[in-house]
Structures are given as structure tokens and as C-alpha cells.
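S.K.: Take this structure, written in C-alpha cells, and hold onto it; I'll ask about it next.
The values are calculated or read from the model by the stated rules, or taken from the named source; none is laboratory data. On a predicted model such as this, the values are computed, not experimentally measured, just so you know. With ideal geometry, Cβ positions are generated from the backbone for all residues, glycine too; neighbour counts draw on all protein chains shown. Ligands, DNA and RNA are excluded from the accessible area calculation, which covers all protein heavy atoms including side chains. Shrake-Rupley method; radii C 1.70, N 1.55, O 1.52, S 1.80 Å.
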Amino acid sequence: MPVLRGAVTFSRFRVEPAKDAPSDIKRWLQRGLKAHAFEPIDRKSEDDRAAGFVELENADAVDFAVSRLFYGEYALFSFRIDTLKVPAPAMKQELAKWTTQFEAENDRPPSRGEKSQAKGQIKQMLRNRATPRTNVLDVSWNQTTQQLQVWAASRKVVEEILIALENALGLKLVALTPAAIAQTAGIDERALGPTAELIGMDLPAGEVAHVEA
């Protein structure tokens, strides 16, 4: 829970609400998050990944009550990603055990079809036993400054969360990089280069240190 623990790895964005955003922001945000809330992986399906929004302090809760969603001027919630993977060594070991038992009971090796069917059953058995790997990424949205922070380091994950937010709430999110901020402020991009003071051009030539990597 990086928001509450004080982690510093995050990506920052400016929120541009949809033109048709309702005046009741709290109810609108609740509905949007609920509509795209996290749902556990269906172990009977072929899905091995599930993702969606959850409450900040409880990764199993998707009610998004006002008291657990809004903290002063901030809306705080999380994005949960679960992945379920059957370990290849376990699959190989179970299949070998089944093959040995089959040959002992039938005095012959299994046919390709029998082995394929057994493999599917073993995979399902291992899926039922496996514990999903859970990753929870926090999101903080300042309702006053309209700045949103995604507490994740992976660009791929950040992009997934942004797409989920856009689909859930119809938001437009603009990355707050130095170049983007300068463009919004009308600053020439050429003015973003390092200054003479930063690269040491104001120092006498004899005092400039040369360091080799």
C-alpha cells in the first residue's frame, strides 16, 4: 500500500474530466469504479489473469463507500492484478505419475488422446490448488488540483491503469513530464536544456573536473 507507506515511485498526470461529467463527483466516481471493479479469476475458465479496481485498504473490497474512498481532497483507491500460473515442473511430475499408474493398471502406455485428456484434468486440478499472484497498485486523485498519481514503476502497468480509468470514467489523462508542463505553460522546449551553471561552464577552465566512466 504505497500511498500509506510513503513510497516515492509513481507516475503523475493531469486530469481533464469529461465534458459530460456530473456535478455529483463522489457518486459518479463510485459508479465508475464499481463498473470496472476487480473480479477473481474463474478457475474453470482458461483465463490466467484478472484486473480491476479495489478499495485502498482492502484489496478484496469493491464497495467503494464514500468513507473508504475519499480522504479530504483526495480520492484514493487501488488497481489489483491477479495472475494464476500452473508451474511446469508440477505439471510434468503429475503427468509422469499418472502415466506410470495408467501403464501399471492397463499393461500398455496411454494413447495420445488418453494422455491429452489426462493432461487437461491434471491442469485443472493444479489450477484449483494454485494461489494467484496478487499485485496491488495505488491511485491517488487530488480533487482540488486535478492531479492524479499512479503508484507503479512499470510503464506497461501504468498504461493499463490509465486505460481502465479512461474506460471507467471517461477521463483524459495528460502525463506531467517536464516537456508536457512546459508546453501547457507556453514555454519554448529549447528553454528546457541544461543551463551553463548546471554543466559548469561558469567555472574557470582549470577548475573543471574531468571524470571518466
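S.K.: In the structure shown, do any of Lys44/Lys115; Lys97/Lys156; Lys34/Lys92; Lys123/Lys156 have a Cα-Cα gap over 31 Å, and if so which?
M.R.: Working: Lys44/Lys115 20 Å; Lys97/Lys156 39 Å; Lys34/Lys92 40 Å; Lys123/Lys156 29 Å.
The pairs that break the limit, which is 31 Å between Cα atoms, are Lys97/Lys156; Lys34/Lys92.
S.K.: Can you give the FRET efficiency for Asn142 and Glu39, using 1/(1 + (r/R0)^6), R0 = 22 Å, r = Cβ-Cβ distance, to the nearest 0.05? Please report the intermediate quantities before stating the final value.
M.R.: Details: r = 28 Å, r/R0 = 1.29.
With R0 = 22 Å, the Cβ-Cβ based efficiency is 0.20.
S.K.: Taking loop as defined by DSSP and a crowding limit of 15 other beta carbons within 10 Å, which trypsin sites (Lys or Arg not before Pro) in region 18-120 fit?
M.R.: Loop-located and lightly packed - Lys19, Arg43, Lys44, Lys85.
S.K.: Tell me the GluC sites (Glu not before Pro) within region 19-104 that lie in a loop according to DSSP and have at most 14 other beta-carbon atoms within 10 Å.
M.R.: Those satisfying the criteria are Glu46, Glu57, Glu73.
S.K.: Just in region 100-184: which chymotrypsin sites (Phe, Trp or Tyr not before Pro) are loop by DSSP and have at most 14 other Cβ atoms within 10 Å?
M.R.: Nothing satisfies the criteria.
S.K.: How much length, in nm to one decimal, is gained on full extension between Thr131 and Lys26, taken as 0.36 nm per residue of separation minus their Cα-Cα distance?
M.R.: On the way: separation 105, 0.36 × 105 = 37.80 nm, distance 3.46 nm.
Stretched fully, the Thr131-Lys26 segment lengthens by 34.3 nm.
S.K.: Considering only protein heavy atoms, what is the solvent-accessible area of Thr83 at a probe of 1.4 Å, reported in Å² to the nearest 10?
M.R.: Taking all protein chains as shown, Thr83 has close to 50 Å².
S.K.: Using alpha carbons only, what's the Rg to Rh ratio of region 21-156 with Rh from Kirkwood?
M.R.: For region 21-156, the value is 1.23.
S.K.: Which value in nm describes the separation of the simple spin-label points at Glu46 and Lys85, placed 7 Å from the Cα toward the beta carbon?
M.R.: Distance between label points: 2.0 nm.
S.K.: Run the numbers for Arg108 and Glu73: contour at 0.36 nm per residue of separation, minus the present Cα-Cα distance, in nm.
M.R.: Working: separation 35, 0.36 × 35 = 12.60 nm, distance 7.09 nm.
Net length gain for the segment: 5.5 nm.
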